[in-house]
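J.: A single structure is presented below for examination.
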Amino acid sequence: MRIARFSIDGNVAFGAVEGDGPDGLVLDIIKGIPYAEFELSGTKVPLSKVRLLPPVLPNKVVAIGRNYAEHAKELGNEVPDVPVAFFKPTTSVIGSGDAIEYPSFSNELHHEAELAVVIGRMCREVPRERVKDVVFGYTCANDVTARDVQEREKQWARAKGFDTSCPLGPWVETDLDPGDLTIQATVNGEQRQLGRTSEMIRSIEDLVVHITEAMTLLPGDVILTGTPAGVGPLHVGDEVAVTIEGIGTLTNKVIKRG
């Protein structure tokens with residue numbers, strides 16, 4: 001099931017996405033919240049009549065760096081012995097169709113297409129065999145990075161945590177095997193990144209176990225699983241799209257901040 005979060009007439013709701021093709025998609029509004037048992041209301045609205053919002057409002061986004069060997073290599077980095085984790089704040093999260101604001105303190109903005117894991121229940125110290133039980137579903141993500149700032153400051157908080165640096169969407173797919181999916185990024189229609197989730201160094205099970213050894217994850221929290229090779233620059237006016245097999249396409253335009 002594809003679960004979207006949207007606004008219509010000033011109201012925010014969740015809905016199940018039904019149909020095929022951009023002109024045939026409708027939302028069946030959900031009664032309640034999708035992390036618990038819910039019912040479909042039967043009230044349907046065309047997707048074209050609503051504004052898609054970030055599919056979740058995470059308490060935290062835990063991102064993983066250098067989880068694809070070729071990406072680590074292209075930036076001159078070694079594959080780390082343990083997963084490299086960092087945070088992106090909730091203020092960095094935007095939805096499909098929202099603008100990425102080019103930060104004033106950077107001159108080198110990069111796209112990073114990623115598979116995002118959405119957590120469905122509160123969990124801590126999750127054993128490997130229970131990981132599937134705590135995952136709500138999957139969505140597309142773009143770990144937008146101020147590369148020059150990342151290299152200059154070493155600590156990644158500003159480089160990867162600035163406002164609008166975490167596009168998520170367009171919705172969450174709850175029925176998906178994430179083990180071997182095509183993941184790609186295009187800029188103005190030109191392909192930049194193309195990889196498969198099977199190329200991850202650490203699996204989703206590895207990442208959930210590693211992260212929950214240290215912290216409690218809450219419903220709606222997001223894990224970014226790393227990016228394949230091919231990252232590159234974004235400029236004001238560019239349109240960047242992240243497409244993941246079985247999920248859909250997350251599209252954002254880059255604008256000047258301010």
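The values are calculated or read from the model by the stated rules, or taken from the named source; none is laboratory data. On a predicted model such as this, the values are computed, not experimentally measured, just so you know. Here the Cβ is made from the backbone with ideal geometry for all residues, glycine too, and neighbour counts use every protein chain on show. Calculation scope for accessible area: heavy atoms of the full protein, side chains included, ligands and nucleic acids excluded. Shrake-Rupley method; radii C 1.70, N 1.55, O 1.52, S 1.80 Å.
J.: Does Asp163 qualify as being on the phi < 0 side of the Ramachandran plot, in contact (Cβ under 8 Å) with a residue 40 or more places away in the chain, surrounded by fewer than 20 Cβ atoms within 10 Å (Cβ to Cβ) and acidic (Asp, Glu)?
T.: Judged against the criteria, Asp163 is a match.
J.: Okay, next question. Which one of these is surrounded by 23 or more Cβ atoms within 10 Å (Cβ to Cβ) and touching a residue at least 60 places away in the same chain (Cβ under 8 Å): Glu108, Glu74, Glu112?
T.: Numbers: Glu108 fails: surrounded by 23 or more Cβ atoms within 10 Å (Cβ to Cβ); Glu74 fails: surrounded by 23 or more Cβ atoms within 10 Å (Cβ to Cβ).
Just one listed residue meets the conditions, Glu112.
J.: Out of segment 59-92, which residues are assigned to a strand (DSSP E or B), out of contact with any Cys (no Cβ under 9 Å at 6 or more places or on another chain) and not aromatic (Phe, Trp, Tyr)?
T.: Val62, Ile64, Gly65, Val84, Ala85
J.: So in segment 171-180, with the set limited to residues that are in contact with a strand residue (DSSP E or B) (Cβ under 7 Å, 6 or more places away or on another chain), touching a residue at least 60 places away in the same chain (Cβ under 8 Å) and open to solvent by 10 Å² or more (accessible area, probe 1.4 Å), which one is farthest from Val17 (Cα to Cα)?
T.: Pro178
J.: How many of the residues in segment 36-71 are open to solvent by 30 Å² or more (accessible area, probe 1.4 Å), under 29 Å from Trp156 (Cβ atoms) and not aliphatic (A, V, I, L, M)?
T.: Adding up the residues that qualify gives 4.
J.: Here's a follow-up. Within segment 194-225, how many residues turn out to be in a helix (DSSP H, G or I) and either among the charged types (D, E, K, R) or under 16 Å from the mean Cα position of the chain (by Cα) (or both)? Please lay out each step first, then the result.
T.: If we filter segment 194-225 for residues that are in a helix (DSSP H, G or I), which is where we start, we get 197-199, 204-212.
After this cut, where a residue has to be either among the charged types (D, E, K, R) or under 16 Å from the mean Cα position of the chain (by Cα) (or both) as well, the list is 197, 199, 204-208.
Matching residues across segment 194-225 total 7.
J.: Okay, next question. Run down Glu190, Glu129 and say which single residue is open to solvent by 10 Å² or more (accessible area, probe 1.4 Å), touching an Asp or Glu at 6+ places or on another chain (Cβ under 9 Å) and farther than 16 Å from Val222 by Cα.
T.: Just a single option satisfies the conditions, and that option is Glu129.
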